[in-house]
Amino acid sequence: MTETTELAPDQLEEKGASIEEVLEELARLYLRTVALPLPRNPATLAWQTTAGGLAALAARALYYVALDDSERAAALASFYRGPLGDGPHPLGVGLWIERNITKPAGADIDEWAAEAKEGAQAALAAASKPTGLRDLGAVLGDDVLALLISGLGASWKEWEERGSTRRLCFLPGCTHEVDLVAAWSGTDGSHGEGWMSSSAVGYACPEHAARLWANDCQHIPAWQATGGGSSAELRCTCGWASGAVAFRGHGTTLYQVHALEVLGARA
């Protein structure tokens with residue numbers, strides 16, 4: 001095994017400031033990913049850990065390439081920055097992967113892309129599932145709640161007095177409401193217990209959440225792209241779909257009608 005020569009700081013400068021800048025950027029990125037406190041959301045933590053590992057690998061690879069081939073290292077640094085300074089161009093990366101990785105491996109990059117899309121859709125579906133408000137508060141944390149409020153330029157008390165923290169059940173005719181700050185922070189005992197939040201349609205009171213979204217109920221809504229333009233459709237896990245709509249408010253209204261029909265049939 002041969003001994004590896006270390007690269008002195010002055011040699012880094014000779015090989016181009018862009019290499020040094022990218023190494024510093026990667027090092028800072030890695031340190032950020034391991035700094036405490038870590039995210040509470042498991043998916044966020046997983047992606048942050050992955051980013052840290054890749055940053056460490058890229059920094060070490062670029063460093064040792066620079067030892068032996070400054071031009072190639074400069075090219076890698078330029079690639080990392082991308083043509084507009086905001087990262088590698090997706091098309092160029094895709095062509096490089098196809099030419100140098102998938103084809104030599106006898107694989108099909110379209111299949112890999114399809115698998116990646118399935119993973120993204122599964123993640124979106126998981127994120128679209130209704131979430132208990134108390135659980136959501138634990139994920140957000142006090143700092144995020146304070147940021148949400150400060151963004152409105154109001155104090156906690158003002159925000160609450162103006163009613164901005166209160167949400168009605170999404171179902172037409174239901175007058176139950178929840179105070180989001182009280183539910184998220186857990187400062188008001190059992191306030192918010194049983195309430196659920198859906199990124200697709202809003203909030204559901206304990207009764208309607210239990211009958212539509214909780215346990216083995218099969219009426220969880222999620223938005224899906226329709227494959228063209230800006231339209232999308234709202235789909236329910238029971239198989240119901242709103243059809244393509246240009247405005248999400250239309251899809252939400254159609255889902256409300258669907259939910260009322262489901263609840264009426266169970267009455």
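Only the coordinates and a few stated rules stand behind these numbers; no lab work does. Everything quoted here is computed from the prediction, not taken from an experiment. Cβ coordinates were reconstructed from backbone atoms using ideal geometry, including for glycine residues, and neighbour counts include every protein chain displayed.
Fewest first, what order do Thr226, Thr175 take by the number of other Cβ atoms within 10 Å? Present the calculation step by step, with values, prior to reporting the outcome.
On the way: Thr226 14, Thr175 7.
The fewest-first ordering by Cβ neighbours comes to Thr175, Thr226.
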Q) So for Phe170, Phe247, fewest C-beta neighbours within 10 Å to most, what's the order? A) Phe247, Phe170
Q.
Need one word for the range 9-127: rounded, prolate or oblate. Basis is the Cα gyration tensor (sqrt eigenvalues a ≥ b ≥ c); a/c below 1.5 gives rounded, then a/b vs b/c decides.
A. oblate
Q) Gain in length, Leu29 to Leu67, computed as 0.36 nm per residue apart minus the alpha-carbon separation, to one decimal in nm? A) 11.5 nm
**Q.** Charge context of Arg167, other residues only, Cβ under 9 angstrom, K/R +1, D/E -1
**A.** -1
Q. By count of other Cβ within 10 Å, fewest leading, how are Val201, Val257 ordered?
A. Val257, Val201
Q: At 7 Å along the Cα-to-beta-carbon direction for both Glu233 and Glu111, put a label point, then send me their distance in nm to one decimal.
A: 3.0 nm
Q. Among Pro37, His89, Ala59, which residue has its Cα positioned farthest towards the positive end of the charge dipole of the range 9-127, with +1 placed on the Cβ of Lys and Arg, -1 on the Cβ of Asp and Glu, and the dipole taken about the Cα centre?
A. Pro37
